[in-house]
Amino acid sequence: MGKNKQNKKGKGAEKTAVKTEKKLSKKQKKDLADLGEEDVESIVAQIEMEEKKKQAVTEAAIDRPLKRSSFAFVAHPEKDELILFGGEFFNGQKTVMYNDIVNFNIAKNSWSCLKVPGGPAPRSGHQMVAVPGGKGGQLWLFGGEFISPSQSQFYHYNDLWVHHLGEKRWQKINCPGGPSARSGHRMVVNKKQIILFGGYHDNTINFKYFNDVYSFDLKDYKWKKLEPTGIPPPPRSACIMAALPSGKILVCGGYSKVKVKKDVDKGVMHTDAFLLTPDKGDETGTKWKWVSVKTGGVSPLPRSGMAFTVMPSGRAFAFGGVRDEEGEEDLSGTFLNDSYFVDLESNVWRTVTLSGKKDQTKRLRRRKKEGEGNEEEIDDDEEEQQKMEEEPLPLVTSDDGIFKVTVGPGPVAQTTVGGTQPSAGGPVVFHPSSRMSAGVVFKQGKIFLYGGQYEEGDKQLTFSDLYSLDVHKLDEWQTLLVSEISPEDWVDSGSSSSSEDDSEEEDDEDEDEDNEETAMDTD
């Protein structure tokens, strides 16, 4: 009898959850009607239909990419070029999603935009990896999300695409058994397969974070869900994932939400690290084990959205990110612009310290050696460095009434919207400003950092700047594309004066919502 009662209780809870979701869905549709916005699935279907109608491949030189965050950014597998795809831009009122391929030619310092018909729909939060082979190399892309213009709807993809770089052609790969729809996941190439981990799905009514692992065989074009032994990482998105030379895969950090109670969620910043280790002697690539590992060296602050790229010889580079802090009434984020090198095999982190540019026109002076009569020529770099510390360049800021940006030397800080920091015991050195969801790649012995997002209260600043850092010299970040900030980047709907008619309309909407919520409570 007890068992039957328990089953009935479980079914009752399930029915209640379904009923609640239907009510919320109905309310959402009413809200969309008020906004004049279609259902997100209809919007995506229309976009995909338009993509299929396009016939011609177009490529044109551009001055710079459009501002964006949460895009994919990779190094061309066979050329000295950088490639970015997709991303999003939000100006306070409207979200714009992208599905263009933007190329940066390193030698020519030039940009071009490639539009290929029949490709993936616009998205952000997706993952893309580059592999050599075929005719000029390939780009493999999975998942991501589409955000409606009003930011009230989210659609998650579970599609897999390959772009043939030499042919400038997209191909959709239809194969069963792949991951569910998601964004914020991570992908790496390990030998002849793609390994995918984690991510999340959120439809504004319910959310779910993942810790599942899938492999995609680049030879057979088949998905396989892996079932690693050991204790897995808790579900998460926006983590760091890297393939090691030994064949292991490192997963660390990230973000997730958990239900505290009804209608109350709590964000979790993960600080743990795991190795996904292949079984010895396994030639199928399907037998793996999770092993918890410790982080050594200078561990970064807990964060998510950190830009990360793997370098040769088992090293990696990480930049920035955001640390969310939840108060009793709101969620705030601390944005960072610190940099780290990571030894992937040992998971040891160390802070990147820049030396600063040396004066190319060295001043030489003569002085007598103490106690001797002869003279010698000496390098006066130390005196120049001391002079720079004592007489820093004037602070220059740009203040348009929306964002205040420091573009000259500033105080020591890791959370700067500006761009300079003193190096350890050295001169003031330029650093890219604090940001999350940026793109970073390694190519030609240099780190390249592009775009991303910074938030200040309810305002969001999206970048389209590009920087490079020589990992051998480690002197200073070079600005290849300056950041362009304008008042038009953010439309503050609360700053404009509303008419009496608008106020009355808002009051009517509030009253309708209250009546609807009361009706829902009585159902």
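The values are calculated or read from the model by the stated rules, or taken from the named source; none is laboratory data. Remember, it's a predicted structure, so these values are computed and weren't measured experimentally. Cβ placement follows ideal geometry from the backbone for every residue including glycine, while neighbour counts extend to all protein chains displayed.
Of the set (1) of a type outside the set (Gly, Ala, Ser); (2) surrounded by fewer than 14 Cβ atoms within 10 Å (Cβ to Cβ); (3) closer than 19 Å to Ala130 by Cα; (4) in contact with a Ser or Thr (Cβ under 9 Å, 6 or more places away or on another chain), all apply to Tyr221 but (4).
Within the stretch 335-347, residues that are over 16 Å from Ser313 (Cβ atoms) and free of Cβ contacts under 8 Å to residues at least 24 places away in the same chain have Cβ atoms under 8 Å from residues that are among the aromatic types (Phe, Trp, Tyr) and surrounded by 18 or more Cβ atoms within 10 Å (Cβ to Cβ) in no pair, counting only partners at least 6 apart in sequence or on another chain. Look at Lys191 and say whether it is surrounded by fewer than 20 Cβ atoms within 10 Å (Cβ to Cβ), touching a strand residue (DSSP E or B) at 6+ places or on another chain (Cβ under 7 Å) and basic (Lys, Arg). No: the conditions fail for Lys191. Only one entry in Leu461, Leu480 is of a type outside the set (Phe, Trp, Tyr), touching a helix residue (DSSP H, G or I) at 6+ places or on another chain (Cβ under 8 Å) and modelled with pLDDT of 90 or more, namely Leu461. Looking only at residues in the stretch 306-333 that are touching a Leu at 6+ places or on another chain (Cβ under 9 Å) and modelled with pLDDT under 90, the one that is surrounded by the fewest Cβ atoms within 10 Å (Cβ to Cβ) is Glu325. Determine if the stretch 115-123 includes at least one residue that is buried (at least 23 other Cβ atoms within 10 Å of the Cβ) and closer than 24 Å to Ile447 by Cβ. The answer is no; no qualifying residue exists.
Only one of the numbered conditions (1) among the polar types (S, T, N, Q); (2) touching a helix residue (DSSP H, G or I) at 6+ places or on another chain (Cβ under 7 Å); (3) modelled with pLDDT of 95 or more is violated by Ser70, and that is (2). Pairing each residue of the stretch 170-196 that is over 21 Å from Tyr209 (Cβ atoms) with any residue that is part of a loop (DSSP other than H, G, I, E, B) and of a type in the set (Lys, Arg), provided the two are 6+ apart or on different chains, yields C-beta distances under 6 Å for Lys192/Lys219.
Criterion applied to Leu165, Leu84, Leu114, Leu139 was being out of contact with any Pro (no Cβ under 9 Å at 6 or more places or on another chain) and either farther than 27 Å from Ala45 by Cβ or in contact (Cβ under 8 Å) with a residue 24 or more places away in the chain (or both), and the one residue passing it is Leu114.
Within the stretch 235-245, the residues that satisfy the criterion of being surrounded by 14 or more Cβ atoms within 10 Å (Cβ to Cβ) and out of contact with any Cys (no Cβ under 6 Å at 6 or more places or on another chain) are Pro235, Arg236, Ser237, Ala238, Cys239, Met241, Ala242, Ala243, Leu244. Residues that are within 23 Å of Val129 (Cα to Cα) number at least 3 in the following strands (runs of 3 or more DSSP E) confined to the stretch 36-85: 72-75, 81-85.
Residue by residue, here is whether (1) hydrophobic (A, V, I, L, M, F, W, C); (2) within 18 Å of the chain's Cα centre (by Cα); (3) in a loop (DSSP other than H, G, I, E, B); (4) surrounded by fewer than 19 Cβ atoms within 10 Å (Cβ to Cβ) holds:
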| position | (1), (2), (3), (4) |
| --- | --- |
| Ile231 | yes, no, yes, yes |
| Gly247 | no, no, yes, yes |
| Val251 | yes, yes, no, no |
| Ser256 | no, yes, no, no |
| Lys259 | no, no, no, yes |
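Okay, residues lined up against (1) at pLDDT 65 or above; (2) surrounded by 18 or more Cβ atoms within 10 Å (Cβ to Cβ):
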residue	(1), (2)
Thr416	no, yes
Gly419	no, yes
Gly425	no, no
His431	yes, yes
Ser434	yes, yes
Gly439	yes, yes
Gly445	yes, no
Leu449	yes, yes
Gly452	yes, yes
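His472 falls short on exactly one of the conditions (1) surrounded by 13 or more Cβ atoms within 10 Å (Cβ to Cβ); (2) modelled with pLDDT of 50 or more; (3) on the phi < 0 side of the Ramachandran plot, and that condition is (1).
Among all positions in the stretch 295-305, there is no residue which is among the charged types (D, E, K, R), out of contact with any Gly (no Cβ under 8 Å at 6 or more places or on another chain) and in a loop (DSSP other than H, G, I, E, B).
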